[in-house]
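The values are calculated or read from the model by the stated rules, or taken from the named source; none is laboratory data. Note that the structure is a prediction, hence the values are computed from the model and not measured. As a convention, Cβ positions derive from the backbone with ideal geometry for all residues, glycine included, and neighbour counts pool all protein chains shown. For accessibility, only protein heavy atoms count, side chains too; no ligands or nucleic acids. Shrake-Rupley method; radii C 1.70, N 1.55, O 1.52, S 1.80 Å.
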Amino acid sequence: AVAAPALCKIYAHAVKYPHLSVFGILIGDQEMVQDAVPLFHGPFLAPMFETAMNLIESHYSKRESTIIGCYFAGELLDTPLPSFVTSVADKIVSMYPQSIIVQVNNKQMNPLAYNNLLTQFSHTAKAGWNETNKQLSLPSDTLKLLQNCQTERQWETLFDFDSHLTDPSRNWLANEF
Amino acid sequence: EVDDVVRELRDSPNSFSKQKELLKLLRTSKIRRSDLVQEFGTKMLAKKSRLGSDVWIVIEQVLLARLDVGDIEGAKNLYFDLKNQFGKESIRVQTLLGMMYEANGDLEKARQFYTSFHSKQPMNQLIYKRRVCVEKALGNWDNAIKLLGKYLQIHTTDTNAWEELGELHVKQNNFKEASFCYEELVLLEPENFLYHTALAEVLYTLGGVDNLVTARNYYSHSLVLNKDQNLRSLYGLHTTASALANMKNGKSQENAKLLAWATSAIQGVYKGSDIEETVNSALTS
């Protein structure tokens with residue numbers, strides 16, 4: 001299941017950069033993706049990924065929840081999960097074995113299509129990453145949440161790690177919605 | 001900066017001078033905020049006479065923004081304005097027609113359009129680049145790479161194109177080829193700290209002691225060029241020196257010094273911030 005804060009941040013991140021791929025980390029436990037930390041827009045490399053992971057681990061070390069995977073929205077309307085995402089996810093799952101990938105289906109960005117917005121991928125040692133859940137359970141007021149995101153232009157106050165690197169005053173670890 | 005002007009505009013949304021300032025800022029910085037250009041550019045075009053000679057630049061800017069946000073009909077109207085003013089022979093106007101095909105999703109049509117156009121104007125950079133864009137839009141990354149490579153054999157100093165090719169290679173996990181692109185960029189613009197950082201990032205990703213030492217050097221040089229607004233390089237230097245400190249042939253006094261310097265510099269950036277503690281414990285873990 002996906003909770004409201006995670007849903008809204010993933011959605012806002014994707015909406016904010018429609019011409020780029022976006023990537024972030026998921027926070028939660030086995031039952032629930034509680035939150036999302038937006039990291040990058042556009043292609044990214046090892047140094048900043050490792051840095052961001054260290055900072056996230058440090059930030060959440062005193063809290064109950066932990067890293068539970070990553071999310072990704074491709075830059076094209078129709079993107080199969082790219083190999084660089086699965087490589088990065090392989091690294092995450094080696095440290096956090098219950099990790100999942102949540103992919104945003106770009107053709108379903110209209111709030112009315114929310115049932116098909118997200119697809120979950122899970123990992124097995126034998127078969128790698130495979131689609132496990134095309135209809136992740138979402139909050140009951142998802143339609144309203146997504147519509148609010150649009151009307152209130154929530155993406156304007158969402159800052160990812162890339163943005164933070166350009167302007168350190170932007171708090172990427174505590175996007176409040 | 002853009003955020004500041006936008007904030008001012010939300011307070012006084014009909015201020016013509018602020019609208020003009022925003023659109024100019026977006027043109028020069030090349031930041032892609034088509035939603036803003038559409039919103040405020042449209043208001044400006046309602047008062048065309050106040051734009052003077054800038055009117056055509058603004059029309060083109062709003063046209064492209066409308067394509068970006070999916071208002072193809074609105075873009076078409078502006079296209080006709082430009083066509084009437086500059087004629088169908090204008091390459092710039094023709095390119096906009098091609099982009100309208102692209103925005104409409106008629107990618108095959110756009111591809112044929114640009115290819116035939118290109119054969120008549122083989123030196124035209126704009127048309128060549130649109131051909132690369134069509135390949136990207138189709139998800140043909142390798143074709144895009146090939147085309148862009150050919151373009152760069154002719155236009156060898158086009159830094160934007162080298163940046164684009166570097167990014168495409170990164171997307172395809174071709175890190176060696178990406179490093180070559182960023183090396184070209186460092187040669188073309190040795191004072192540009194961003195290029196040094198980009199090269200360092202790719203070298204670190206390639207891995208191995210030699211690449212990491214080189215990466216460390218490029219991060220350091222980037223920080224020499226830009227000490228105060230270069231957090232990416234600070235983190236990069238820290239990450240690289242930390243990794244080297246844990247590698248058999250990576251340890252050295254120089255490395256330890258750089259690691260200590262980077263750590264303290266980063267701590268300085270976050271002094272008094274909400275996440276100061278988080279950063280400090282991550283740095284020393």
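Structure summary
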quantity: Euclidean distance between Cα centres, region A:59-122 to region B:198-245, Å; calculated: 28
quantity: Rotationally averaged projected area of region B:1-122 (alpha carbon convex hull; nm²); calculated: 7.9
quantity: Average beta-carbon neighbours from other chains, 10 Å sphere, peptide A:39-49; calculated: 6
quantity: Farthest toward positive dipole pole in region A:4-166 [+1 Lys/Arg, -1 Asp/Glu at C-beta], among A:LEU20, A:LEU45, A:LEU112; calculated: A:LEU112
quantity: Reach of B:LYS136 by Cα under 13 Å, taken over aspartates and glutamates that are not fewer than 8 positions away in the same chain; calculated: A:GLU75, A:ASP78, B:GLU102, B:GLU108, B:GLU164, B:GLU167
quantity: Region A:50-177: radius of gyration and largest Cα-Cα distance (Dmax), Å; calculated: 15.9, 44
quantity: Region B:233-285: trypsin sites (Lys or Arg not before Pro) in DSSP loop, at most 13 other beta carbons within 10 Å; calculated: B:LYS248, B:LYS251, B:LYS271
quantity: Histogram of C-alpha separations across region B:108-190, 10 Å bin width, %; calculated: 18, 49, 27, 6, 0
quantity: Lysine pairs in region A:66-177 with Cα atoms under 26 Å, if 8 or more residues apart or on separate chains; calculated: 6
quantity: Hydrodynamic radius of chain B per Kirkwood, over alpha carbon pairs, in Å; calculated: 22.1
quantity: Whole-Å semi-axes of the protein assembly as shown's equivalent ellipsoid (Cα gyration tensor); calculated: 37, 28, 24
quantity: Proximal lysines to B:LYS20, defined as alpha-carbon separation beneath 24 angstrom and excluding residues fewer than eight positions away on the same chain; calculated: A:LYS16, B:LYS30, B:LYS43, B:LYS47, B:LYS48, B:LYS76, B:LYS83
quantity: Span from the region B:57-104 Cα centroid across to the region B:108-131 one, whole angstrom; calculated: 16
quantity: Carbon and sulfur %, accessible surface of the protein assembly as shown computed with the full protein complex present, 1.4 Å; calculated: 50
quantity: Cα-based shape type of region B:194-285, given that a ≥ b ≥ c are square roots of the gyration tensor eigenvalues and the cut on a/c is 1.5; calculated: oblate
quantity: Computed helical MRE - 222 nm, chain B, DSSP H runs ≥ 4 contributing -39500 (n - 2.57), nearest 500; calculated: -24500 deg cm²/dmol
